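Here's the structure, in structure tokens; my notes come after.
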Amino acid sequence: MIAKTYTCSLLGIDAVAVEVEVDISSGLPYFATVGLPDNIVRESKDRVKAALQNSGYAFPMERITVNLAPAHLKKEGAGFDLPIAVGILAATGAVDYKRSEAAVMAGELSLDGRVKPVAGCLPMSILARDAGYRELIVPAENAREAAVIDSVSVRPVKHLSEVVEFLNGRSEIPPFKVDHDSIWDCERSDECDFEDVKGQELAKRGLEVATAGAHNLLMIGPPGAGKTMLAQRISSIMPPLSFEEALETSKVFSVAGMLHGAPLIVNRQFRSPHHTISDAGLVGGGHIPRPGEVSLAHNGVLFLDEFPEFRRNVVDLLRQPLEDGQVTIARASMALTYPARFMLVAAMNPCPCGYSGHPARPCTCSAAQTQRYRGRISGPILDRIDLHIDVPSVEYEKLRSEGGAEKSSSVRERVAKARRIQLERLSGEGIYSNSQMKPRHIKKFCQLDSSGQSILDQAVRQLGLSARAYHRILKVARTIADLEGTGKIVPNHLLEAIQYRTLDRKMF
């Protein structure tokens, strides 16, 4: 007899429907799994056999063939254990095959029949909704993330026997419900606030402009000037995630198995990888491709401290995500695309010792050493960073001063207001911030008068700016105008945007 169950396989951050066909025929005992299974899926036969027997169900001592369709799609992970086990029971008549075909299920089985959590249940729930399935059976630990999609009945299970009894109609598993309002009630952390930063008013202004338009940012300054401290507080001035952004970010974390029982990621992420990170760790990849730091920072901040210390080949991999907002991982059998629309924040010293240009401490680096240090960052990467900000050392008098600094909540209100202006302006364009504008958007929304055009022409000629830098100055000027609530870009906005090209002005 042939029985069918349905489950999902992950392709990037999306789920693809997989039909699990189980055929039991006469012959010598044999268990074959076909349909491009990986080693983990092939090993499921031993887990399934032990789980069935230890749960009190008979394991057929005949020829068992399990087909995972579509056959051209590689199947990975232990989430196929549960649908294979239910398919075998349906083929032997121990489970109502009609009920088993009406639900999507996933879960790893332990040898005693317990159902363990798996990665990617949120994309599975979205697929079940889009494909018209009424029920989704998932491990109890994954129920909260799956139940975010409230149009699907999510049935949380802890043991194989619960699934069998439910499908046979002998017991009921109440659908798991999530209070969507309570998900968004979590408070922002007050540990990092802009009022903790003494001085650095120009740097704070640059961070506000960068955050308002989601622009990439590079801070240059000596050790101890507060670059890392400033970067850690960027999340405190970013606007809250919309539901669509939270769903996108949560899908990435779900596929990576990093939701840890939370239904949604509701705060913008701040990712700060070490400079020894590999290329697969930064952009994703591996034998079984997984999202990298650029995707985990989606809709949030990717902070690269000691920027020149990162291997140059690793940093150059940022070109595609910085330009396209996504990263593609190509393999012989497939190409996976992960979202990677993040705000890049980098920090570096002006030279290897860090004290070039310091008013009190002399620099010990030669010109050749400084040039080699600065040359570790390629020109194309620097060209993709919108703002270059000097972060000088802070005077002692400012360090010991009390109060006076602006709170993050006040800055966040201005940033949120500027973002709302951008959303209204760009609502029909399919983009969400000024940093994402293409040349046609710049031409439409960043028009200059004669005086503004004269200023920009002079800056381009004197600084030798590339076409990309020219466009990025216009984007930053548009953001500065949005912070002021004005619809027109005036010369003051352009002059401020140009001053944020520190590296171009210093012929860096």
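General observations
- Among the candidates Val95, Val118, residue that is hydrophobic (A, V, I, L, M, F, W, C), open to solvent by less than 10 Å² (accessible area, probe 1.4 Å) and touching a residue at least 40 places away in the same chain (Cβ under 8 Å): Val95
- Filter result for Asn299 (on the phi > 0 side of the Ramachandran plot and either surrounded by 19 or more Cβ atoms within 10 Å (Cβ to Cβ) or touching a Gly at 6+ places or on another chain (Cβ under 6 Å) (or both)): yes
- The residue that is farthest from His215 (Cα to Cα), counting only those in segment 310-333 that are in contact (Cβ under 8 Å) with a residue 60 or more places away in the chain and surrounded by fewer than 19 Cβ atoms within 10 Å (Cβ to Cβ), is Ser333.
- Subset of segment 29-54 [open to solvent by 40 Å² or more (accessible area, probe 1.4 Å) and assigned to a strand (DSSP E or B)]: Tyr30, Val34
- Number of positions in segment 263-296 that are within 28 Å of Arg412 (Cβ to Cβ), part of a loop (DSSP other than H, G, I, E, B) and either of a type in the set (Val, Ile, Thr) or open to solvent by less than 30 Å² (accessible area, probe 1.4 Å) (or both): 5
- Given (1) aliphatic (A, V, I, L, M); (2) free of Cβ contacts under 8 Å to residues at least 40 places away in the same chain; (3) not in a loop (DSSP other than H, G, I, E, B), index of the condition Leu302 fails: (2)
- Residue, farthest from the chain's Cα centre (by Cα), within segment 219-234, restricted to residues that are modelled with pLDDT under 90 and not hydrophobic (A, V, I, L, M, F, W, C): Gly224
- Identity of the residue in segment 424-446, in a helix (DSSP H, G or I) and in contact (Cβ under 8 Å) with a residue 40 or more places away in the chain, that ends up least open to solvent (accessible area, probe 1.4 Å): Asn434
- Criterion: under 19 Å from the mean Cα position of the chain (by Cα), modelled with pLDDT under 90 and either open to solvent by 20 Å² or more (accessible area, probe 1.4 Å) or of a type in the set (A, V, I, L, M, F, W, C) (or both) - qualifying residue of Phe243, Phe194: Phe243
- Breaking point among (1) under 25 Å from Thr502 (Cα atoms); (2) in a helix (DSSP H, G or I), for Glu413: (1)
- For segment 457-489, the set of residues classified as aliphatic (A, V, I, L, M) and either surrounded by fewer than 12 Cβ atoms within 10 Å (Cβ to Cβ) or modelled with pLDDT under 90 (or both) consists of Ala459, Val460, Leu463, Leu465, Ala467, Ala469, listed by residue number.
- Single residue of segment 101-115 satisfying the filter (outside any loop (DSSP other than H, G, I, E, B) and open to solvent by 60 Å² or more (accessible area, probe 1.4 Å)) that is farthest from Ser9 (Cα to Cα): Arg114
- Residues located in segment 353-373, provided they are buried (at least 18 other Cβ atoms within 10 Å of the Cβ) and not small (Gly, Ala, Ser): Cys353, Tyr355, His358, Cys365, Tyr373
- Residue list for segment 128-143, filter: over 17 Å from Val178 (Cβ atoms) and either without any contact (Cβ under 8 Å) to a residue 60 or more places away in the chain or surrounded by 22 or more Cβ atoms within 10 Å (Cβ to Cβ) (or both): Asp130, Gly132, Arg134
- Residue list for segment 287-339, filter: hydroxyl-bearing (Ser, Thr, Tyr) and in contact with a helix residue (DSSP H, G or I) (Cβ under 9 Å, 6 or more places away or on another chain): Ser295, Thr328, Tyr338
The values are calculated or read from the model by the stated rules, or taken from the named source; none is laboratory data. Computed from a predicted structure; not experimentally measured. Neighbour counts are summed over all protein chains in view; Cβ atoms, including those assigned to glycine, are modelled from backbone coordinates with ideal geometry. Side chains included, ligands, DNA and RNA excluded: accessible areas come from the protein's heavy atoms. Shrake-Rupley method; radii C 1.70, N 1.55, O 1.52, S 1.80 Å.
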